[in-house]
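Undergrad: Structure in structure tokens, see below.
The values are calculated or read from the model by the stated rules, or taken from the named source; none is laboratory data. Keep in mind it's a predicted model, so treat the numbers as computed, not measured. Don't worry about glycine lacking a Cβ; one is built from the backbone with ideal geometry, like all the others, and counts go over all protein chains shown. Surface accessibility is based on the protein's heavy atoms, side chains included, excluding ligands, DNA and RNA. Shrake-Rupley method; radii C 1.70, N 1.55, O 1.52, S 1.80 Å.
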Amino acid sequence: MARPELQDLLDRARKLVNSQTADALSLALRARDLAVADGDRYAEAEALNLSAQSMALFGQYADALDTLLRVMDLGSQIDIGTQHGMALQLIARSHYTQADYEAATDCWLACIELPRQTVSAVDQVQAHIGLGQVLFANEQYEAALAHHRRAAELSENCDDVTLMAASLINIAVDQQYLGHFVDALDALKQALPLVRAAQHYEFEAEIYGIIGQIQFARGEVAKARMSLRVALKINRLHNHLWGEANDLLWLGHCSITDGLLEAARDELLRAMQLAEAMGTQNLTARIHLALSTLYMALESPEESLAHIAAYQNMQQDIINTITSSRFASMELRLND
């Protein structure tokens, strides 16, 4: 156990990482400095993991990855217990966000296969959620749903309501893309009180964003705009850049539908600026697709064609990331 002052910093950072991310990062960095001074390598690893979590929420994926690789380096020198599994799971999340699905899959599979003493039940559930998201990204929605339901089952044995909320949110998105809107909304209604109780603002914003997307799909554009603006406000308040970019993308869709083309251009170009700065390929591709629709409405066919070409090239890159044989291998290992 770390000395009291150091342990207090770690506990506070862990509690605040999803609600007051800037404060959590500051606390984690202070904890890292104290841990280094004390020669406490386990506490140093935990502080680095918490720092990386905070950096990722700010869209600083390269910095987060560098920080996590330092944790893995520590783990190669000494026993850092479950911090090893946490770092591996967070590395996978960083790769996934940047559309490097094969690297993400390898890390999540490795996380699941770690010895029990080096990975927590929480990180195993997160790994199952991540593997479902990889399948979702490759449009295998039924398979993704099966994995997210499995994650929900496993999370019942974890003392962490955010895990159940994360599983439910992913189930909702799978159901949304399968066209099962009622089931998707039911899952979100179950998740929302859990998220609020945990003060997990990233998830709260995500829930409102998904509700807005479902409302848009149903033709309820005014309702969709209101839900998306709630999500955008939360994400901006907490500087969660990926969420902000995604909300702006969908607000752009609403504006195009309402014929507010200049507003749509402002929303989509801001979304593109954020997505490109973060290096999030999947989100960037979807923004290109929306911009192609916008420029066609603006009677600028050359710009529209340029954006549709960019979308198609990026989508092909994503599809090529994991081969069909890679998926077969993944399924085989998950069913062992």
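Undergrad: Mind checking which helices in the chain clear 20 Å along their axis (Cα) and have mean Kyte-Doolittle hydropathy of -0.5 or more, DSSP H runs only?
TA: TM-like helix candidates: 21-38, 41-57, 61-77, 83-97, 121-137, 161-177, 181-198, 201-217, 221-237, 241-257, 261-278, 281-297.
Undergrad: What is the magnitude of the charge dipole of the stretch 1-135 about its Cα centre, with +1 placed on the Cβ of each Lys and Arg, -1 on the Cβ of each Asp and Glu, and no other charges, expressed in debye to the nearest 20?
TA: 280
Undergrad: Considering only protein heavy atoms and a probe of 1.4 Å, how much of the accessible area of the chain is carbon and sulfur, as a whole percent?
TA: After summing per-atom areas, the C and S share lands at 52 percent.
Undergrad: Give me the dipole magnitude in Debye, nearest 20, for the chain about the Cα centre, with unit charges on the beta carbon: positive for Lys and Arg, negative for Asp and Glu.
TA: Approximately 540 debye in magnitude.
Undergrad: Whole Å is fine, so just give me how far the alpha carbon centre of the stretch 121-195 lies from that of the stretch 204-222.
TA: Here the two parts' Cα centres lie 18 Å apart.
Undergrad: Beyond 21 Å, what percent of the Cα pairs of the stretch 200-315 remain?
TA: Of all Cα-Cα pairs in the stretch 200-315, 33 percent lie more than 21 Å apart.
Undergrad: Here's something else I'd like to know. Report, ordered by chain and residue number, the aspartates and glutamates lying within cross-link reach of Lys189, taken as a straight Cα distance under 19 Å and ignoring same-chain residues fewer than 8 apart.
TA: Partners within reach: Glu153, Glu156, Asp160, Asp174, Glu202, Glu204, Glu206, Glu220.
Undergrad: Output the peptides 214-220, 253-259 sorted from most to least packed, where packing is the average of other Cβ atoms within 10 Å over each peptide's residues.
TA: Peptide ranking by packing, descending: 253-259, 214-220.
Undergrad: Now for a different question. Take the alpha carbon gyration tensor of the chain, find the square roots of its eigenvalues, order them as a ≥ b ≥ c, and report rounded if a/c is under 1.5; if not, report prolate when a/b exceeds b/c, else oblate.
TA: prolate
Undergrad: Taking K and R as +1 and D and E as -1, what net charge do the other residues with C-beta under 11 Å from the C-beta of Val122 add up to?
TA: Counting the neighbours of Val122, the net charge comes to -3.
Undergrad: Out of Leu68, Ser54, Leu29, whose Cα points farthest toward the positive end of the dipole of the stretch 7-79 (charges: +1 Lys, Arg; -1 Asp, Glu; placed on Cβ)?
TA: Checking the options against the dipole of the stretch 7-79, the answer is Ser54.
Undergrad: Rolling a 1.4 angstrom probe over the protein heavy atoms, how many square angstrom per residue are accessible across the stretch 200-315?
TA: Ligands and nucleic acids excluded, the result is 44 Å² per residue.
Undergrad: Highest mean first, what order results for 49-57, 301-309 on Cβ atoms within 10 Å?
TA: The peptides rank, most packed first, as 49-57, 301-309.
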